[in-house]
Amino acid sequence: MKRWHFAVLVVLLLCLIPFVFALADTGTVTASSLNMRKAASTDSDVIKVLKEGTKVTINGTSGSWYKVTVNGKTGYVGKKYVSVSKGGNSSSSNNSSSKNSSSSSSNGTCKPGDTGEAVKKVQKKLKSLGYYDSSIDGDYGNGTKSAVKAFQKRNGLKETGEVNSATLKKLNSSDAKKASSSSSSSKSSGSSDGTCKPGDTGEAVKKVQKKLKSLGYYDSSIDGDYGNGTKSAVKAFQKRNGLKETGEVNSATLKKLNSSDAKKASSGSGKTERLDWFNGGKNIIPKGATFQVKDVRTGKVFTVKRWSGYNHIDAEPKTASDTKILKSIYGHWSWRRRPVLVKYNGHVYAGSMNGMPHGTSTISNNNFDGHFCIHFYKSKTHGSGKVDDMHQQCVREAMNASW
C-alpha cells in the first residue's frame, strides 16, 4: 500500500513540474552579446557569453541584475539587456521596466550609483546652474554627488548628495540659485592646502592632474575628478619618488610633486612592456581609466575608456572620432585580432584587440554600440575562460613594436 501511495505521489510531482516551470519568467537577450557572470557584479567572472535572441529562465533579481539559467548554467545578467515574458506570455511593460532599470526612480529622483536618463537630466540642470562641469554621461558618480551637495548647500537644503523630491523640485524651479564663484570653487572636497584624495573634485585635483601629466604619469583628461586613473597615477609617482604608495596626495606627496627634483615617469614609456594579466597586470589600468591605443600595423592611434572586464579589458572608444579611427583600421566591424600598443601613465604595454562592438555600452554618443576587447599576456576570453592563441600571437608581435 505504501509503495502504491509513493508511486502516485511521484506521478503527481512529475505532472506538476512542467506546470511550475511554465509559471517561471522567461526572457530574451536583446544585446548582440551579453556576459553572464557568476555573481551580480561586473567584477565577477564571466561564465558564458549569450548571443542576441537567447532564451533564458529568470530565477530572481539582485538590484539591476537578473539571476538566470540557460542550458543548465546559472548566473547573472544585466536587466536592461533582457526582454521579459511572464509565464511564456510576452509582457511589454516588463520589457520596458527592465530596460529602464537604471536604478533611478521614474519620478526623476536619483542617488549615487544610479545611471540613466534621470541622472542625465540632473547633470544637465546642474551644469546650466554652474555646479557641474564634467561630461553628461548619466552616471551618478562622485562628481555628480559633489555638485548635488553644493547645490543643496547653496539652496538651503539638507546636504545628502542625493536628489530626493525636495532637491528635484528646487532644481527645476525658477528660483533655483546658481552657483556663486565662491561655491563653485568650494565644490572641491579637497583641502585648501592643495592635498586631495580619491573621491575629491575641483581645482586642487585639476592642479595635481596637470602636474602629473607634465611629469608623464597621467594621460587622461584634466577633469578635476579624483577617480581611479588619478589614483593610479599618484601611486606611480609615489613609487618612483620613494614615497609611501597610498594613492592620496598628502602634504609629502604634494611637496615632492611641486619640487624641482620630482622624478619624471621612467623611460619605460619608450620601451614596450609585457603586462602579465593575472600576475598584477589587471590592476595596472583601472576601470574607468582613459588611455591610448596604437594599432601596430597601421600606426593609427585612438583614445578609449576601460569600462570593465575581469579576464581582459572591456573598452569603449572615447568619442565618435575615436570610433571612426577604430573602424578605419578594420574597414568594417570584425572579430579579427590585431596587435596593438596600449599607452597609460607613461608606460607602453603590448596587447591585442578585436574590432567588434558587442555587449554593454556606457558611452552614449560615441557611435559605438557596445564595447570591444583588449587582451594582454596570458589574459583569457570571457566566454571560454581560456587563453586565446591568436590574441597571444598578436601580443608577441606587439612586443617587437614601439610607440
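The values are calculated or read from the model by the stated rules, or taken from the named source; none is laboratory data. Being a predicted model, the structure only gives us computed values, none of them experimental. As a convention, Cβ positions derive from the backbone with ideal geometry for all residues, glycine included, and neighbour counts pool all protein chains shown.
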Fill in the blank from the handout: Subset of segment 332-371, residues among the β-branched types (Val, Ile, Thr) and either closer than 23 Å to LYS48 by Cβ or without any contact (Cβ under 8 Å) to a residue 40 or more places away in the chain (or both), comes to THR360, THR362
Handout entry: Residue check, THR303 without any contact (Cβ under 8 Å) to a residue 24 or more places away in the chain and either part of a loop (DSSP other than H, G, I, E, B) or polar (S, T, N, Q) (or both)
Key = yes
Practice task
Please note which strands (runs of 3 or more DSSP E) are completely contained in segment 61-174 and include at least 3 residues that are in contact with a helix residue (DSSP H, G or I) (Cβ under 9 Å, 6 or more places away or on another chain) and at pLDDT below 85.
Solution key: 82-86
Practice task
Scan (1) at pLDDT 80 or above; (2) within 18 Å of the chain's Cα centre (by Cα) for the single condition GLY27 breaks and write down its number.
Solution key: (2)
Handout entry: In segment 340-365, residue surrounded by the fewest Cβ atoms within 10 Å (Cβ to Cβ) [restricted to those that are under 15 Å from the mean Cα position of the chain (by Cα) and part of a loop (DSSP other than H, G, I, E, B)]
Key = SER364
Exercise for the section: Answer with yes or no whether ASP223 is in contact with a Lys or Arg (Cβ under 8 Å, 6 or more places away or on another chain) and either closer than 21 Å to LYS145 by Cα or aromatic (Phe, Trp, Tyr) (or both). Expected result: yes
Practice task
Could you please let me know if ASP322 is among the charged types (D, E, K, R), in a strand (DSSP E or B), at pLDDT 90 or above and surrounded by 22 or more Cβ atoms within 10 Å (Cβ to Cβ)?
Solution key: no
Completion exercise
So, first residue within 17 Å of HIS358 (Cβ to Cβ) in segment 374-400, second residue assigned to a helix (DSSP H, G or I), Cβ within less than 6 Å, six or more apart or across chains; the pairs are HIS375/HIS391
Practice task
State yes or no: is GLY280 without any contact (Cβ under 8 Å) to a residue 12 or more places away in the chain, over 22 Å from the mean Cα position of the chain (by Cα) and at positive phi?
Solution key: no
Exercise for the section: Quick one: in segment 302-319, of everything that is surrounded by fewer than 22 Cβ atoms within 10 Å (Cβ to Cβ) and β-branched (Val, Ile, Thr), which residue is farthest from ASN365 (Cα to Cα)? Expected result: THR303
